[in-house]
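What follows is a short report on a single structure.
The values are calculated or read from the model by the stated rules, or taken from the named source; none is laboratory data. Keep in mind that what you see is a predicted model, and the values were worked out from it rather than measured. Glycine gets a Cβ as well: all are built from the backbone with ideal geometry, and neighbour counts include every protein chain shown. Surface accessibility is based on the protein's heavy atoms, side chains included, excluding ligands, DNA and RNA. Shrake-Rupley method; radii C 1.70, N 1.55, O 1.52, S 1.80 Å.
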Amino acid sequence: MKQLDAASYRRVNETFRRRMVYHIGVDCGLFVELNYMVDAMLHCLAHHIRFQLYSDDANFGTGTGWTEYFLPFCEEVHEPFHQRYNFHRLPSWRRVLKLCRRQKSVGPIAWKVKSVQKTVMGHLIAFLTYKEWVLLGQDVPSFTQQHYRIPELGIDGSYTDAYSLLARMIWNLQPDILHQEAIYRNRLKIPKDMSGIHLRGGDKSRETKLISAQRIMQVLNPKKGVCVFILTDDYRMFQKLQADYPQLRLVTLCQPKETGYHHREFCKLTPQKRKEAIIRLLISVNLLLDRRSFVGSITTGPSVFVMKLRADDPLVQAVDCPKEKLASTLSLTIDARAAISKKYMQC
């Protein structure tokens, strides 16, 4: 499929009568938020719903929203009620009851009931504000189609094909960030033919067992002297790799003081500290999008984003999923991917 430009997307998007206002930057990490947003955009295109964005309070920004890091691609709205009443889709009652059994508490039920009440209130406020029925982020279904046909935009392919087109369209970094990337490239002497891996630490261990750097490097299997870019949130992992693989040239943008990403702690940082960390993350992922081999995990946001955009690339692999099943696995929910990862790593 051809590349998609923002002007073409806006032209088609603005012809739809029904609309959704999507709130990005609610309560997840940046790349989980991006993944949810692209899925919402696909849903809107497939059902002829006009997509609009609310990002004034995005948890990855300092108050500017989407355009702090990316060029605009659609109309944005700024009504403050979205901050409280527009959020991600709610988990099913079945999942909520499982959480209750696991936590031995009725807390998840109380949380969902309160969230349903907020959803009703959000739709009411939206109707009074816009004088029409408006969909919110929690109206995006949990499932994705396996094939998308949107002839107005030349889309006729699998989920990963359609996702990749939209994701590459929105992945349009601001000029000042691209300038910083060029500085890093020159300072670190990053070659075009380098390989890359993603290592996750921090609070990811609460969701799933962390995958060792050695296991990922075994899958990458780099030749002596190759340059490998390490996207990680824990500088100690980078140091361990340097000690274990002296025959390789390893580079990273991770800072020596970083010892693992913890989302709650990250949200408490000063706006400037958050912005600096997000810019390094964006530049790191941008470097991995157009490089050679890449190995990541189907359980981590940045890895999933890179793999969705490069799903057909034979040089892209997941350490915890067979290559022949990667494209179909990437369309699954976070919980489903975590289960597949756990089972595969036990083999």
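If I ask for residues that are more than 17 Å from Phe70 (Cα to Cα), in a helix (DSSP H, G or I) and open to solvent by 60 Å² or more (accessible area, probe 1.4 Å), which ones from segment 139-174 would you list?
Pro151, Glu152
Scan segment 226-276 for residues that are part of a loop (DSSP other than H, G, I, E, B) and among the small types (Gly, Ala, Ser) and report the count. Break it down into steps so the answer makes sense when it comes.
Keep residues of segment 226-276 that are part of a loop (DSSP other than H, G, I, E, B), which gives 226, 233, 245-248, 252-258, 260-262, 268-270.
With the extra rule that they be among the small types (Gly, Ala, Ser), the set shrinks to 260.
The qualifying residues number 1.
Is it the case that some residue within segment 267-278 is open to solvent by less than 30 Å² (accessible area, probe 1.4 Å), in contact (Cβ under 8 Å) with a residue 12 or more places away in the chain and touching a strand residue (DSSP E or B) at 6+ places or on another chain (Cβ under 9 Å)?
No - not one qualifying residue is present in segment 267-278.
Which of the residues belonging to segment 302-314 are surrounded by fewer than 17 Cβ atoms within 10 Å (Cβ to Cβ) and either touching a residue at least 24 places away in the same chain (Cβ under 8 Å) or more than 15 Å from Asp290 (Cα to Cα) (or both)?
As a first pass, look at segment 302-314 and keep what is surrounded by fewer than 17 Cβ atoms within 10 Å (Cβ to Cβ): 312-314.
If the condition is that a residue be surrounded by fewer than 17 Cβ atoms within 10 Å (Cβ to Cβ) and either touching a residue at least 24 places away in the same chain (Cβ under 8 Å) or more than 15 Å from Asp290 (Cα to Cα) (or both), then Asp312 is the only one that fits.
Inside segment 205-254, can you point out the residues that are within 23 Å of Arg187 (Cβ to Cβ), open to solvent by less than 30 Å² (accessible area, probe 1.4 Å) and touching a residue at least 60 places away in the same chain (Cβ under 8 Å)?
Phe229, Leu231, Val251, Leu253
Can you work out which of the residues in segment 17-46 that are of a type in the set (Val, Ile, Thr) and part of a helix (DSSP H, G or I) is modelled with the lowest pLDDT? Reasoning before the result, please.
Within segment 17-46, the subset of a type in the set (Val, Ile, Thr) is 21, 24, 26, 32, 38.
Those still in the list that are part of a helix (DSSP H, G or I) too: 32, 38.
Numbers: Val32: 94, Val38: 97.
Here the answer is Val32.
Looking at (1) open to solvent by 30 Å² or more (accessible area, probe 1.4 Å); (2) touching a Gly at 6+ places or on another chain (Cβ under 9 Å); (3) in contact (Cβ under 8 Å) with a residue 40 or more places away in the chain, can you tell me which one Ala327 breaks?
(2)
Taking Ala58 as the residue in question, decide whether it is at pLDDT below 95, small (Gly, Ala, Ser) and within 15 Å of the chain's Cα centre (by Cα).
Numbers: at pLDDT below 95: yes; small (Gly, Ala, Ser): yes; within 15 Å of the chain's Cα centre (by Cα): yes.
Considered against the rule, which asks whether it is at pLDDT below 95, small (Gly, Ala, Ser) and within 15 Å of the chain's Cα centre (by Cα), Ala58 comes out as yes.
Filter segment 330-342 down to the residues that are under 17 Å from the mean Cα position of the chain (by Cα) and either crowded, with 21+ Cβ neighbours inside 10 Å or farther than 24 Å from Leu42 by Cα (or both) and list them by number. Working first, answer last.
In the first step, residues of segment 330-342 are kept if they are under 17 Å from the mean Cα position of the chain (by Cα); the result is 330-338.
Residues satisfying the conditions are Leu330, Arg337.
Can you name every residue in segment 55-84 that is buried (at least 21 other Cβ atoms within 10 Å of the Cβ) and closer than 18 Å to Lys131 by Cβ?
Across segment 55-84, the qualifying residue is only His82.
Checking Arg291 against (1) of a type in the set (Lys, Arg); (2) part of a helix (DSSP H, G or I); (3) under 25 Å from Pro191 (Cα atoms), only one condition comes out false. Which one?
Looking at each condition in turn, Arg291 falls short on (2).
Consider segment 187-212. How many of its residues are in a helix (DSSP H, G or I), at pLDDT 90 or above and not charged (D, E, K, R)?
Final tally of qualifying residues: 1.
Against the condition outside any helix (DSSP H, G or I) and acidic (Asp, Glu), how does Asp56 come out, does it pass?
Working: outside any helix (DSSP H, G or I): yes; acidic (Asp, Glu): yes.
For Asp56, the condition - outside any helix (DSSP H, G or I) and acidic (Asp, Glu) - is met.
Answer with yes or no whether Leu124 is over 20 Å from Leu42 (Cβ atoms), modelled with pLDDT of 95 or more, open to solvent by 70 Å² or more (accessible area, probe 1.4 Å) and not charged (D, E, K, R). Don't jump to the end; show me each part of the working.
Values: over 20 Å from Leu42 (Cβ atoms): yes; modelled with pLDDT of 95 or more: yes; open to solvent by 70 Å² or more (accessible area, probe 1.4 Å): yes; not charged (D, E, K, R): yes.
Spelling it out, Leu124 is indeed over 20 Å from Leu42 (Cβ atoms), modelled with pLDDT of 95 or more, open to solvent by 70 Å² or more (accessible area, probe 1.4 Å) and not charged (D, E, K, R).
Report, ordered by the first and then the second residue, all pairs with beta carbons closer than 7 Å, sequence separation of six or more or different chains, a first member in segment 136-165 that is within 25 Å of Tyr54 (Cβ to Cβ), and a second member that is among the acidic types (Asp, Glu) and surrounded by 13 or more Cβ atoms within 10 Å (Cβ to Cβ).
Close Cβ pairs satisfying both conditions: Val140/Asp39; Thr144/Asp39.
Under 9 Å between Cβ atoms, which residue pairs at least 6 apart in sequence (or on different chains) link something in segment 94-110 that is open to solvent by 100 Å² or more (accessible area, probe 1.4 Å) with a partner that is of a type in the set (A, V, I, L, M, F, W, C)?
Going by the 9 Å Cβ cut-off, the qualifying pairs are Val106/Cys100.
For segment 10-22, check the following and say yes or no: at least one residue is in contact with a Phe, Trp or Tyr (Cβ under 9 Å, 6 or more places away or on another chain) and of a type in the set (Ser, Thr, Tyr). Before the answer, list the steps.
At the first step, the residues of segment 10-22 found to be in contact with a Phe, Trp or Tyr (Cβ under 9 Å, 6 or more places away or on another chain) are 10, 13, 16, 18-22.
Filter again for of a type in the set (Ser, Thr, Tyr), leaving 22.
Looking through segment 10-22, at least one residue is in contact with a Phe, Trp or Tyr (Cβ under 9 Å, 6 or more places away or on another chain) and of a type in the set (Ser, Thr, Tyr).
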